[in-house]
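Report on the structure given below.
The values are calculated or read from the model by the stated rules, or taken from the named source; none is laboratory data. Small disclaimer: the values here were computed from a predicted structure and weren't measured. For neighbour counting, all protein chains shown are included, and Cβ atoms are generated from backbone atoms with ideal geometry for every residue, glycine included. In case anyone asks, the SASA skips ligands and DNA or RNA and just uses the protein heavy atoms, side chains included. Shrake-Rupley method; radii C 1.70, N 1.55, O 1.52, S 1.80 Å.
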Amino acid sequence: MNLRIPGPTPCPEDVLAAGAAQMMNHRGPEFAQILRRVTDGLNWVFGSPTDVLSFTTSGTGGLEVAVVNTLSPGDRVLSVSIGSFGDRLKSIARTYGADVVGYATEWGEAADATVIAKMLDDDPSIKAVLVTHNETSTGVTNPLEVIARKFASATASSSSMR
């Protein structure tokens with residue numbers, strides 16, 4: 001088995017003790033106070049005038065939420081993969097009915113924004129680009145800002161198709 005997780009790590013005794021305590025009612029006043037404190041802290045960290053949403057899930061849950069809430073079955077998308085989580089994002093998009101065009105690099109190499117731009121120019125029906133910023137399975141960072149600019153440029157030049 002090859003688990004790509006950041007642990008196990010030592011756990012302090014006070015954390016273990018807290019984990020052994022009775023569960024808190026997630027609809028009760030004690031939890032509401034904690035959630036308010038966390039939300040206020042996140043608002044401060046992100047400089048947000050409105051509440052930041054706390055979403056408790058694994059990274060895969062975050063990928064699924066992104067796909068489900070932005071794409072519809074049949075939407076044509078370009079899936080960029082440079083490792084395990086890029087592959088997982090492509091799989092999730094296919095599961096929810098997206099028409100996926102794939103672009104994969106050798107694991108350990110970042111995506112080439114020029115290749116992405118050409119693929120977008122060649123296929124104006126592509127509605128979205130799915131890409132991981134930091135691919136933890138390979139330790140590689142994609143040039144997200146450059147990719148986003150290429151997508152915005154392609155979108156502007158063929159806005160009637162998107």
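Taken as a whole, the condition of being closer than 19 Å to residue 70 by Cβ, part of a helix (DSSP H, G or I) and at pLDDT 90 or above applies to residue 89.
Going residue by residue through the stretch 132-145, is there one that turns out to be open to solvent by less than 30 Å² (accessible area, probe 1.4 Å), among the small types (Gly, Ala, Ser) and in a helix (DSSP H, G or I)?
Looking through the stretch 132-145, none of the residues is open to solvent by less than 30 Å² (accessible area, probe 1.4 Å), among the small types (Gly, Ala, Ser) and in a helix (DSSP H, G or I).
Do we have any residue at all in the stretch 87-110 that's touching an Asp or Glu at 6+ places or on another chain (Cβ under 6 Å) and not aromatic (Phe, Trp, Tyr)?
yes
Yes or no, residue by residue, for (1) within 17 Å of residue 54 (Cα to Cα); (2) touching a Phe, Trp or Tyr at 6+ places or on another chain (Cβ under 8 Å); (3) small (Gly, Ala, Ser):
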{"site": "5", "(1), (2), (3)": "no, no, no"}
{"site": "12", "(1), (2), (3)": "no, no, no"}
{"site": "17", "(1), (2), (3)": "no, no, yes"}
{"site": "23", "(1), (2), (3)": "no, no, no"}
{"site": "26", "(1), (2), (3)": "yes, no, no"}
{"site": "31", "(1), (2), (3)": "yes, no, no"}
{"site": "34", "(1), (2), (3)": "yes, no, no"}
{"site": "37", "(1), (2), (3)": "yes, no, no"}
{"site": "43", "(1), (2), (3)": "yes, no, no"}
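From the set of residues in the stretch 93-116 that are touching a strand residue (DSSP E or B) at 6+ places or on another chain (Cβ under 7 Å) and part of a helix (DSSP H, G or I), which is most open to solvent (accessible area, probe 1.4 Å)? So the residue we want is 94. Out of 62, 83, 97, one residue alone is free of Cβ contacts under 8 Å to residues at least 12 places away in the same chain and either more than 19 Å from residue 155 (Cβ to Cβ) or of a type in the set (A, V, I, L, M, F, W, C) (or both). It is 62. Among residues of the stretch 37-76 being touching an Asp or Glu at 6+ places or on another chain (Cβ under 9 Å) and farther than 30 Å from residue 126 by Cβ, the one that is most open to solvent (accessible area, probe 1.4 Å) is 51.
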